[in-house]
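Asker: I'd like to ask you about the structure that follows.
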Amino acid sequence: MILVTGATGAFGSAVLKKIKEKKISSRAVAFNDAFDWNKPETFENALKGIEKVFLVSPPNYRDFDKAIVPFLEKAKVEGVRFMVLSTVYGTDTDTESVFGKTEKVVANSGINFTIIRPNFIFQNFINYDLETIKSGMIYLPTKNSKTSYIDVNDIAEASTVILEDPKKHLGKTYTLTGAESLSHEQFAEIFSDVLQKEIINVAPSNDAYKAALLSYKVPKETVDFMGYLYAAIEMGVFASTTNDYELITGKKPIVAREFVQINRAVFLT
């Protein structure tokens, strides 16, 4: 049986859906009263009968590398043999971040593992930017810098392939990106063409973007985190592509135009 953490989030829910499609036995947990990273006493029920784990490192959990230590200890007691840890693109250049520290903890846990480092996902345009796109613009502070976005369903596909047959992937780290590196100006052109309506790339300053988020009552910690991420995009940190998805699955990743075409009705409704 596979345990999927973060099952209500973008990554966990996509992996859970893919696992269910393949009729693999699974259990889902999310951060709530029944499963709380701050309460090790909730780990036993989650891990009972589990052989493999899909573990998502949460983006805003500063001490996650410490919180998972008792989880990993309990996992060994319960007989967990393998886990896929999902962190973020670029962790190799920031090994002292919480993501880098979490990777080290998992690598030294005594449990077989594979690490995936996904880049930004296309679904961010739906989860965070849908209303602005519907209004005719992309409002992100990235100027003309590029990002190698990947579809969350491709991340789920790669993760499930690894979980199904871990032997070829033991101890490996994969950086998961799409096949294209595109600016938001190029995305605006793709959206305009597929949706048959003008979408412009506004590219505000980082301060203006954060002020807009705060005006919508987004928590300041989240606003600061988003500002940090988009500042990194502006610096070109998230631009490179890899072929790791194809190495894992034998397939080509979804490209931007295909993503917009698949979700055309969502952006126009």
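Computed from the coordinates by the stated procedures, all read-outs in this text should not be read as laboratory data. All of these numbers come straight from a predicted model, not from anything done at the bench. Using ideal geometry, Cβ is built from the backbone for each residue, glycine included, and neighbour counts are taken over all protein chains shown.
Asker: Could you sort the peptides 18-30, 103-115 by per-residue average Cβ neighbour count (10 Å cutoff), highest mean leading?
Answerer: By packing density, highest mean first, the sequence is 103-115, 18-30.
Asker: Take every DSSP beta bridge with both residues inside the chain and express the antiparallel ones as a percent of the total, to the nearest 5.
Answerer: Beta bridges within the chain, antiparallel portion: roughly 10 percent.
Asker: For region 35-79, which trypsin sites (Lys or Arg not before Pro) pass both filters: DSSP loop (anything but H, G, I, E, B) and at most 14 other C-beta atoms within 10 Å?
Answerer: Listed in order of number, the matching sites are Lys48, Arg62.
Asker: Sequence neighbours fewer than 8 away in the same chain don't count; with that in mind, list the lysines whose C-alpha is under 25 Å from Lys146.
Answerer: Lys134, Lys197, Lys210, Lys251, Lys252
Asker: Given points 7 Å out from each Cα along the Cα-Cβ axis, report the Lys252 to Glu180 separation in nanometres with one decimal.
Answerer: 1.1
Asker: What does the helix-only formula give at 222 nm for the chain: each DSSP H stretch with n ≥ 4 adding -39500 (n - 2.57), the total divided by the residues, and the result rounded to the nearest 500 deg cm²/dmol?
Answerer: -12500 deg cm²/dmol
Asker: Further, regarding this structure: Which value, in debye to the nearest 20, gives the size of the charge dipole of region 181-269 about its Cα centre, when Lys and Arg are +1 and Asp and Glu are -1 at the Cβ?
Answerer: About 300 debye.
Asker: So which chymotrypsin sites (Phe, Trp or Tyr not before Pro) in region 196-269 are both in a DSSP loop and have at most 15 other Cβ atoms within 10 Å of their Cβ?
Answerer: Answer by residue number: Tyr216.
Asker: Whole-Hz ³J(HN,Hα) for each residue in region 122-133, computed from phi via Karplus 6.51 cos²θ - 1.76 cosθ + 1.60 with θ = phi - 60°, x for glycine and proline: what do you get?
Answerer: Ordered by residue, 3J(HN,Hα) equals 3, 4, 4, 5, 8, 5, 10, 10, 4, 5, 5, 5 Hz.
Asker: To continue, here is another question. Restricting to DSSP loop positions (anything but H, G, I, E, B) with no more than 13 other Cβ atoms inside 10 Å of their own Cβ, which GluC sites (Glu not before Pro) remain in region 29-75?
Answerer: none
Asker: If we count every other residue with Cβ under 13 angstrom of Asn38's Cβ, Lys/Arg +1 and Asp/Glu -1, where does the sum land?
Answerer: Result for the neighbourhood of Asn38: -1.
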